[in-house]
Amino acid sequence: MSNTWPLWEVFIRSKQGIHHKHVGSLHAPDEEVAIENARDVYTRRQEGVSIWVVESKNITASNPEDSDAFYEPAKDKIYRHPTFYDLPDELKHI
Amino acid sequence: MKEADLEQKFQDKIDAEIRIEPRDWMPEKYRKTLIRQISQHAHSEIVGMLPEGNWISRAPSLKRKVGLIAKVQDEAGHGLYLYSAAETLGIDRDTMFQQLNSGKAKYSSIFNYPTITWADIGAIGWLVDGAAIMNQVPLCRCSYGPYARAMVRVCKEESFHQRQGFEILMTLMNGSQEQKDMAQNAIDRWWWPSMMMFGPTDDDSPNTVQSMKWKIKRYTNDELRQKFVDVCVDQAKVLGITLPDPDLKWNEERGHYDFGKINWDEFWNVVKGNGPCNKQRLKTRNEAYDNGKWVREAAMAYSEKRAARKAAGKVA
């Protein structure tokens, strides 16, 4: 039997219509207790209407050391932005 | 990349106010400094529950009792935010608990003073939480992302703590002579230890320069202490209470209040473990940890059993 409770990442939706957002982490023996602990630790003042917990070991993350190369392909594609297209000032509703 | 180049790139990010996140490269000393600071901060929140918990069962009214319970529960929450921020730097929770319980790790010395009367709960809220807020507000802009984010949550909640403390003192100061004396007595005992919460003077704080360069700290100990004094003097007037420092005087030239000499021998003595309650605090923490062991184990055993059952069910 493992001695320490696993680590969980906590995501909270602050109200209907808003994304769940990462708020921190906590330890809990299983997902049910993780949800209850997340309620007590992160929503003592009604900060949420929905909680997600994910065991930290199940999260795959991009490597910050590769980020220059990793995001490089999007860097020179300014034509993906609306301001790239030159239109006359009198044009409305576009 | 060479170590020196990495370090330069790291400092450039700091200078540009770009936050450092857990998996980014960082100098080992930055990591170690933060682990020490954040874990000590977490320990302080956890031990900080003890002097106040002392009065939950004896709070003078239901209103005061629910307020105090909520405050103590917040301190537990703050400890947990901070432990999880420290864990992002590669130290695990149990190691931190061991460091606290063995006496190896420090926590804020203020919690080694006893809470003798109900007025102490007011004094802690006003002065101790007031000093903590002074310290923590700039930490919301700390260069290390997880610490800064934890501080934002803490600061939001801390303001209720300070206000409830002030209200407790105000109520006593509007009461009988005996109640006024009790409030004054609490301030007499908590003022100087609160002043010490900002740590040694800048001349005596060798790590400050590096911490400022890394933007872990934004103000020096003496700067924060001065801000605290300036704010408290005016608040004390509202309370009609006397701060126990005969040298407290407005200095026109500096634009600040001058204050008397801090007893640093007392400070170091408490840091070294000889304060009025050091032993009691550690004993209580150790007992809580040891007595809770079976609960932690039972919860883990139950969850493992349930997971095994679920897996077996799937096979069948």
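A compact table of results
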quantity: In order through region B:290-301: 3J(HN,Hα) via Karplus (6.51 cos²θ - 1.76 cosθ + 1.60), integer Hz, x for Gly, Pro; calculated: 5, 5, x, 4, 5, 5, 4, 5, 5, 5, 5, 4
quantity: Chain A: Lys pairs at Cα distance under 29 angstrom, eight or more positions apart or on different chains; calculated: 5
quantity: Sorted by Cβ neighbour density within 10 Å, fewest at the top, the residues B:ASP204, B:ASP188; calculated: B:ASP204, B:ASP188
quantity: Chain A: angle of helix A:31-42 to the longest principal axis, Cα-based, in degrees nearest 10; calculated: 70 degrees
quantity: Sites excluded, chymotrypsin sites (Phe, Trp or Tyr not before Pro) in DSSP loops with at most 13 other C-beta within 10 Å, longest stretch of chain A; calculated: A:1-70
quantity: Peptide-level mean, for B:296-308, of C-beta atoms on other protein chains within 10 Å; calculated: 4
quantity: Label-point separation in nm, B:ALA301 to B:LYS13, each point 7 Å along Cα→Cβ; calculated: 4.5 nm
quantity: Residues of type lysines that B:LYS106 reaches as a straight line, Cα spacing below 20 Å, ignoring anything fewer than 8 places off in the same chain; calculated: B:LYS29, B:LYS32, B:LYS217, B:LYS272, B:LYS279, B:LYS283
quantity: Label-point gap, in nm, between A:LEU87 and B:SER102 - each point 7 angstrom along Cα→Cβ; calculated: 6.7 nm
quantity: Local electrostatic count, B:LYS29, Cβ distance below 13 Å [Lys/Arg +1, Asp/Glu -1]; calculated: +1
quantity: Ranking of B:ILE133, B:ILE18 by count of other Cβ atoms within 10 Å, fewest first; calculated: B:ILE18, B:ILE133
quantity: Cβ-based exposure ranking for B:ASP120, B:ASP230, in which fewest neighbours within 10 Å come first; calculated: B:ASP230, B:ASP120
quantity: A:VAL49 paired with B:THR242, simple spin-label distance in nm, labels 7 Å along Cα-to-beta-carbon; calculated: 5.6 nm
quantity: Length-normalised contact order of chain A in % [C-alpha pairs under 8 Å, at least 6 apart]; calculated: 27 percent
quantity: GluC sites (Glu not before Pro) within region A:33-94: DSSP coil, no more than 12 neighbouring Cβ in 10 Å; calculated: A:GLU90
quantity: Cleavage-rule hits (trypsin sites (Lys or Arg not before Pro)) in region B:35-132: DSSP loop, at most 11 neighbouring Cβ within 10 angstrom; calculated: B:LYS104
quantity: Candidate lysines for bridging to B:LYS261, where Cα separation is under 17 Å - those fewer than 8 sequence places away on the same chain excluded; calculated: B:LYS227, B:LYS249
quantity: Three-way shape label, chain B, alpha-carbon gyration tensor, a/c 1.5; calculated: oblate
quantity: Rounded, prolate or oblate (a/c below 1.5 giving rounded, otherwise prolate when a/b exceeds b/c) for region A:21-94 by Cα gyration tensor; calculated: oblate
quantity: Equivalent ellipsoid semi-axes - Cα gyration tensor, region A:2-61, angstrom; calculated: 20, 13, 8
quantity: Qualifying trypsin sites (Lys or Arg not before Pro) for region A:1-78 [loop in DSSP, other Cβ within 10 Å: at most 12]; calculated: A:LYS15, A:ARG45, A:LYS77
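The numbers here are math on the coordinates, done by the rules we state, and not lab data. These numbers were taken from a predicted model, which means no experiment stands behind them. FYI the Cβ positions are ideal-geometry reconstructions off the backbone, even for glycines, and counts take in every protein chain you see.
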